[in-house]
Amino acid sequence: MNRAILTAFAVLMLAVPRTAPATDLPEIPFEFYTLENGLEVILHEDHSTPMVGFNVWYHVGSKNERPGRSGFAHLFEHMMFQGSEHQDGEYLQMIQGLGGLVNGSTNEDRTNYWEIVPPSRLEATLLLEADRMGWLLPAMTEEKLANQQDVVRNERRQSEGRPYSSFWLNFNEEFYPAGHPYDHSVIGIHEDLENATLEDVKDFFRTYYTPTNATISISGDFDPAQTKEWIEKYFAEIPPGKPVQEVDVWIPELTGEKRLAFQDRVQLKRLTYSWHTPPFYHDGDADIDFAAAILGSGRTSRLYKRLVHQDKLAQSVSFRQESQQIVSVAILEVTLSPGADQAAVERIVDEELARFAKEGPTKRELDRVRNGYEARFVKDVQRIGSWGGINDRLNRYNHYLGTPDYFRQDFERYSSRTAESVRSQSARWLGKNRMLTVISPFPDVRAVATANVDRTTLPTPTDDTPFVTPALARTRLENGLELMVLEHRELPLVRMELTFRSGSAAESADREGLCDVAAGMLMEGTRSHDKFEFQDELDFLGTDAWVWTGHDRSVMGMQSLRKHLGASLDLVAEALLEPAFDEAEFTSDKERRVVDIRRESEQPQTVANKVTRRMMFGADHPYGRLGSGTVASMEAIQLAEAREFAKTHFVPGNATMILVGDLTLAEAEVEVRRALKAWKGDAPAAPAIAKPEPRTERAVYLVDKPGDSQSTVSIAQFGIPRNHEDWETVF
């Protein structure tokens, strides 16, 4: 049973400026209702001509495509012409055989199809449209997909051959941030189109080409009661689809001017200015249409008269707004005359935009553009179908506004524009926050003939420039710290790495992760500064600091400006000598680590690494662990244990400090002795690490990760130890 029928009338008799007589708009009466499966229906009778227009909007465009699947909506526009289960033939030929016209189009927001047929062919048209809405997939084949992939890719190649196309094929990627629904072109890229599988395409159809995501609009010479019976007969049994989630509004923010440069096979340079503007039918949308028309549309526009007629710097000027669902775009194109000064053109564009933002349009400019829009409103409703006809207009209102009843309001939003509204909206949207693209002709370059060259024989190499190993100066300080310095005077920077000869191999099996926890606590605040104050001190100096741990070593690192080396080393000393080991920070850090450990099972690569080590070395071997710990070991670690580990292992007798940068060994000794004079401690006993049992045969282990879409393969074998004489040669 149909839902309650809504009948609405969009009408008439709207007054335009007082300088012109009122315009009698034609009536656009329509009937709007929804089938039980969610299909929306708009009916408009017009018996003046014995023709009927059918129009369907699927509420899917390139904005609905997933990454790596660009061009699917446009590809589907073509696939829908390939026949369906019960009418498996070329759809174009079938409609033409009924004496009708047919076409379709795709943009960022929607896909539409329309036919204009004699009234006696309306039922056949409804059957065909219903069959491809409900029964397209059974007739879809690999052959049909491959055929239309080639067609669409050929369309893209044709676009690539047009002048200035190098810019437009990359416009969306440059103008919108990654992740924005409009961040890719409607036509798609070759790789995505070529990689589309039949199942990909079927899944796209099941999601978007459903009654709940479609609206049909019929205008012309038809019998409403009979037509509703046919609609029920052919469309009602098509299963509804799932709700489609949409982005409502997302207006990106450009900060300043983003400039791009392209070269193309063109003769004249072109400047293209692009601005983000309000979405379709939102406040300011109509004002920007007016501003674009006054500034750069036609020979009476300001920029045409200034650049083309007066200063003769440009061959052509065009300014338009492309209104869209999520955010619109205003585009000004200036094609320069041969030899024109680009800087002068940019200066004039900025002058005219600034003047317009300050003064707004004149009364005559405003009336001229308003009258033009009024005339187009009346002219457009001469047609019942095709793009821009009555049924397409009603479908457009329903798509963007949720109701077909907007004809009167649409007219009013243009007739009510004022000089101030146009000026203020232009000042808001058409400023310096924009993208400017300069498309220049390819330079006149060519290959030239050279002497005969034997390209089959490689030239004899000259002597290689010998690599001279930098001199590494070293000493050992009184507290046992080994100090090494490598002078590198190119920049006033110093990088320090303080390496301790203790890592996760020094912890017990039931305290896995202890080394990493102890090292991490060094950066969690001191007795003088909490962790935020400590980090603020580093940031104030422009110094980066970090810690990390491995199986055999732990590292505290730092990089600073040479002039701040002393102050930066003071902070390192504070972390080593006065670590706070605060109970609250320790508890918080452990809780975070436990959550991270539990999440490791989500990461296939981490699971593979962990299992590989366990299988190679054994669960009890120090190298059989990743070092991050387990939930059980992490929960067992106590604050006193972490403090004791740091006190035992992070001592000068167990460490080597390497400084690389703008200083000598003598200078380093002075700074390090001063900062770390109170740092004491001998090296602890090195952990006994057993040599793992050698592998005598291959083994394969399988780890099940339910729901994962891809396999991760890890291949491992034992290598030579790090201190082997052949290490550098092998690795």
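The values are calculated or read from the model by the stated rules, or taken from the named source; none is laboratory data. All values reported here derive from a predicted model rather than from experimental measurement. We place every Cβ from the backbone using ideal geometry, glycine too, and count neighbours over all the protein chains shown. Remember, those area values only see protein heavy atoms, side chains included, never the ligands or the DNA or RNA. Shrake-Rupley method; radii C 1.70, N 1.55, O 1.52, S 1.80 Å.
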Seminar exercise, completed: The distance between the Cα centres of the range 213-287 and the range 359-436, in whole Å, is 15 Å
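Highest first, please rank the peptides 315-323, 339-347, 477-485 by the mean number of other Cβ atoms sitting within 10 Å of their residues. Could the numbers behind the result be given before it?
Working: 315-323: 19.2, 339-347: 13.6, 477-485: 17.4.
The peptides rank, most packed first, as 315-323, 477-485, 339-347.
Whenever you get a sec, line up V41, V607 from highest to lowest accessible area (probe 1.4 Å, protein heavy atoms).
Descending accessible area places them as V607, V41.
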Seminar exercise, completed: Helix 390-401 sits off the longest principal axis of the Cα atoms of the chain, rounded to the nearest 10 on a 0 to 90 degree scale, by 30 degrees
Problem set entry | In Å, descending, principal axis extents of the Cα set of the chain | 104, 72, 64
Problem set entry | Estimated D of the range 361-413 in µm² per second, where Rh is the Kirkwood radius over Cα pairs and Stokes-Einstein applies at 4 °C, 1.567 mPa s | 107 µm²/s
For this session: Provide the per-residue ³J(HN,Hα) series for the range 514-519, in order, calculated from phi with Karplus coefficients 6.51, -1.76, 1.60 and θ = phi - 60°, each as a whole number of Hz, with x at glycine and proline positions.
Result: 4, 4, 5, 5, 4, 5
Exercise. So what is the 222 nm mean residue ellipticity for the chain from helices alone, if each DSSP H run of at least 4 adds -39500 (n - 2.57) and you divide by all residues, rounding to the nearest 500 deg cm²/dmol?
Worked result: -10500 deg cm²/dmol
For this session: Mind pulling the angle between the C-alpha long axis of helix 665-675 and the longest principal axis of the chain? Nearest 10 degrees, somewhere in 0 to 90.
Result: 90 degrees
Exercise. Using modelled amide H (1.01 Å from N, peptide plane; none on Pro or chain starts), what sits under 5 Å from the amide H of T277, excluding residues fewer than 5 places away?
Worked result: S328, V329, A330
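To the nearest µm²/s, what D does Stokes-Einstein give for the range 145-222 at 37 °C and 0.692 mPa s, using the Kirkwood radius over alpha carbon pairs as Rh? Don't skip to the answer; put the middle values down first.
Working: Rh = 15.2 Å.
Once the numbers are plugged in, D ends up at 216 µm²/s.
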Problem set entry | Solvent-accessible area, 1.4 Å probe, carbon plus sulfur percent, for the range 586-722 | 53 percent
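Going down the table (K202/K242; K358/K432; K258/K358; K63/K258; K269/K432), which pairs top 19 Å between alpha carbons? Please list the in-between numbers first.
On the way: K202/K242 15 Å; K358/K432 14 Å; K258/K358 24 Å; K63/K258 23 Å; K269/K432 21 Å.
Over 19 Å Cα-Cα: K258/K358; K63/K258; K269/K432.
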For this session: Mind checking which lysines have their Cα closer than 22 Å to the Cα of K647? Skip sequence neighbours fewer than 8 apart in that chain.
Result: K531, K590, K677, K680
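Please give the per residue accessible area of the range 578-639, computed with a probe of 1.4 Å over protein heavy atoms only, in Å². Let's see the in-between values first.
Values: 3140 Å² over 62 residues.
Normalised by residue count, the accessible surface of the range 578-639 is 51 Å².
Take the Cα atoms of the range 294-343, build their convex hull, and give its volume per residue in Å³.
It is 76 Å³ per residue.
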Exercise. How far, in degrees from 0 to 90, does helix 363-380 lean away from the longest principal axis of the Cα atoms of the chain, to the nearest 10?
Worked result: 70 degrees
Exercise. Taking the alpha-carbon set of the range 658-701, what are its Rg and Dmax in Å?
Worked result: 21.8, 56
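Only sites in a loop by DSSP and with at most 16 other Cβ atoms within 10 Å count here; which trypsin sites (Lys or Arg not before Pro) in the range 670-731 make the cut?
Values: sites: R673, R674, K677, K680, R695, R698, R722; in loops: K677, K680, R695, R698, R722.
Loop-located and lightly packed - K677, K680, R695, R698, R722.
Which order, highest average first, do 642-655, 402-415 follow once you tally other Cβ atoms within 10 Å for each residue and take the mean per peptide?
Working: 642-655: 20.5, 402-415: 18.1.
Ranked from most to least packed, the peptides come out as 642-655, 402-415.
Using a 1.4 Å probe over the heavy atoms of the protein chains, calculate the carbon and sulfur portion of the accessible area of the range 379-468 as a whole percent. Each step should come with its number before you reach the end.
Numbers: 2970 of 5630 Å².
Its accessible area is 53 percent carbon and sulfur atoms.
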Problem set entry | Per-residue SASA entry for H86, accessible area with 1.4 Å probe, Å² rounded to 10 | 110 Å²
For this session: May I ask for the distance between the Cα centers of the range 176-208 and the range 550-627, given as a whole number of Å?
Result: 41 Å
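Could you provide, to the nearest whole Å², the per residue accessible area of the range 478-526 with probe 1.4 Å?
Ligands and nucleic acids excluded, the result is 37 Å² per residue.
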Exercise. In nm, to one decimal, how far is the R455 label point from the D311 one, both placed 7 Å along Cα→Cβ?
Worked result: 4.8 nm
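Ignoring ligands, DNA and RNA, what percent of the accessible area of the range 522-581 is carbon or sulfur (1.4 Å)?
On the way: 1330 of 2780 Å².
Using a 1.4 Å probe with all protein chains present, the range 522-581 comes out at 48 percent carbon and sulfur.
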Exercise. A447 versus K647, label points 7 Å from Cα toward the beta carbon: distance in nm?
Worked result: 7.6 nm
